[in-house]
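Accompanying notes for the structure given below.
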Amino acid sequence: MLSREDNELVCRIGPRTPMGEVFRRYWVPACLSSQLPKKDSDPLRLRLLGESLVAFRDSNGVVGLLDELCPHRRASLALGRVEDCGIRCLYHGWKFGVDGRVQDTPNYEGPKFKDRVKARSYPVHEAAGIVWAYMGPPEKTPPPPRYAFMDVPDTHRVAFRINVKCNYLQLAEGGFDSSHVGILHSNMARPGWMAKEFTPNPDVLNPAALAVDDNAPDLELEPTDFGFYYSAVRIAGKDASGTEQMNVRVVPFIMPSTRIIPSPATGFTVFETPMDDESTSTYIVVSADVPIERSKIRTILGLDDPRLYSDTDCNWHQTWDSNMGQNRSGMKENWSGLGGVQQEDAAMSLSMGPIVDRTEEHLVPADLAVVSLRRILISAAKAVAAAGDPVGANTDLSNVRAVDRTVSADTSWRELCPGHWVRSGAARGEKAGEPA
Ligand code: FES
Ligand SMILES: [Fe+2]
């Protein structure tokens, strides 16, 4: 459980809040590139870290991210015209470039005025189909983000944005909770559950397809320079030669709210980016060594149900009005009554309410990584509030990958990870002490 004070500290992300200042030290996804599909296309209203913004792509194809409201008399620039390398407010025609500079003020001709006024703007970096924003102090701007999925061809990667109406942390916690995979996702993880038999799901793209039937994995956690690695080790019986095997799933937690979930053939890099305290944009970037079909991933995630989701506005419509989309009459064959990984995960987080009251929880050892996630975030909030720096803002993440492998039982799971250790001896498999 968390105290009420710590729960407030870790959940509130608006301007000038401690956790909001943590998020503002990293590049975060602001929207998909496909939401600004071409030069001078329609502007996009955004909520990001509790701020109202407008994104637009100018006549050169460069993306700008400005305060939504015009600095003149505060009309929304999201109604403006995107033209001639800028965005023009409809009300009195003031026009701004991607850097926020005033280019034109038709109702005032003071010669120096354009230099005195500026729309608030944030730096933008576009890569891998995502528009990234940095909203922190300019002198702390990290290098552009570097993730492994940025190094695969576009055909080997698909990205989704899903706007969910609850706080980022309850969504993020679901990613560090290996023991729910074989239960909530029973249909995908243990397809024989109805007959009480374990039949492995052969779909190598599905992150909920468990290799073995073990819902009480051994969990360990190792601090890194980007956050931590979280491993779940499941006993896998003997191979053909009689050697004991184990299945290892390692999920990297990357500050401030990112995880990489493995499947045997892919990595699902998931960003829980707060829109405000009570809504979150979940970005799911799936990448592989081979081409991936978007429609296949949509089906795995359950994004192919038009009642719940559309690529057009990216809003997620699972509510109690439709019982979260649950089909109870189908629950003899479908364990959850829901259709896909995202439907199941989002339903659990949404069912907690907009911000869950963590003073009422009863945690067990299977919640080890959830506890560690909260601790690292709370300590980052306290560090930044005390003028320190959070971990990982400058880390190159291009070799950080999730692991899902079945290996001989005498292997250390740490050997399967590419480093980033902060503790000497970690790579040799020496046990960590108290997690970060
Ligand atoms: S309110 Fe935008 S130009 Fe006047
Ligand atoms: Fe899940």
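The values are calculated or read from the model by the stated rules, or taken from the named source; none is laboratory data. These numbers come from a predicted model, not from an experiment. Cβ coordinates were reconstructed from backbone atoms using ideal geometry, including for glycine residues, and neighbour counts include every protein chain displayed.
This table checks each residue for (1) more than 13 Å from the chain's Cα centre (by Cα); (2) small (Gly, Ala, Ser); (3) closer than 25 Å to residue 222 by Cβ.
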residue: 247; (1), (2), (3): yes, no, yes
residue: 254; (1), (2), (3): no, no, yes
residue: 260; (1), (2), (3): no, no, yes
residue: 274; (1), (2), (3): no, no, no
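Return yes or no: is residue 80 more than 30 Å from residue 380 (Cβ to Cβ), within 15 Å of ligand 1 (Cβ to nearest atom) and touching a residue at least 24 places away in the same chain (Cβ under 8 Å)? Full working, then the answer.
Numbers: more than 30 Å from residue 380 (Cβ to Cβ): yes; within 15 Å of ligand 1 (Cβ to nearest atom): yes; touching a residue at least 24 places away in the same chain (Cβ under 8 Å): yes.
The answer is yes for residue 80.
Restricting attention to the stretch 362-402, the residues that are of a type in the set (Val, Ile, Thr) and not in a loop (DSSP other than H, G, I, E, B) total 5. When we screen 404, 396 for residues that are surrounded by 15 or more Cβ atoms within 10 Å (Cβ to Cβ), under 20 Å from the mean Cα position of the chain (by Cα) and either over 13 Å from residue 223 (Cβ atoms) or of a type in the set (A, V, I, L, M) (or both), the only hit is 404. In the stretch 198-235, which residues are surrounded by fewer than 17 Cβ atoms within 10 Å (Cβ to Cβ) and in a strand (DSSP E or B)? 218, 235 - these are the residues of the stretch 198-235 that are surrounded by fewer than 17 Cβ atoms within 10 Å (Cβ to Cβ) and in a strand (DSSP E or B). Where residues in the stretch 168-197 are surrounded by 22 or more Cβ atoms within 10 Å (Cβ to Cβ) and of a type in the set (Ser, Thr, Tyr), which of them is nearest to ligand 2 (Cβ to nearest atom)? Here the residue is 178. Taking the stretch 62-105 as the region of interest, none of the strands (runs of 3 or more DSSP E) fully inside it holds 2 or more residues being within 16 Å of ligand 2 (Cβ to nearest atom) and surrounded by fewer than 21 Cβ atoms within 10 Å (Cβ to Cβ). In the condition set (1) assigned to a strand (DSSP E or B); (2) within 27 Å of residue 324 (Cβ to Cβ); (3) more than 16 Å from the chain's Cα centre (by Cα); (4) among the basic types (Lys, Arg), residue 307 is compliant with all but (1). Within the stretch 254-290, the set of residues being modelled with pLDDT of 95 or more and surrounded by fewer than 21 Cβ atoms within 10 Å (Cβ to Cβ) comprises 275, 276, 278, 279, 284.
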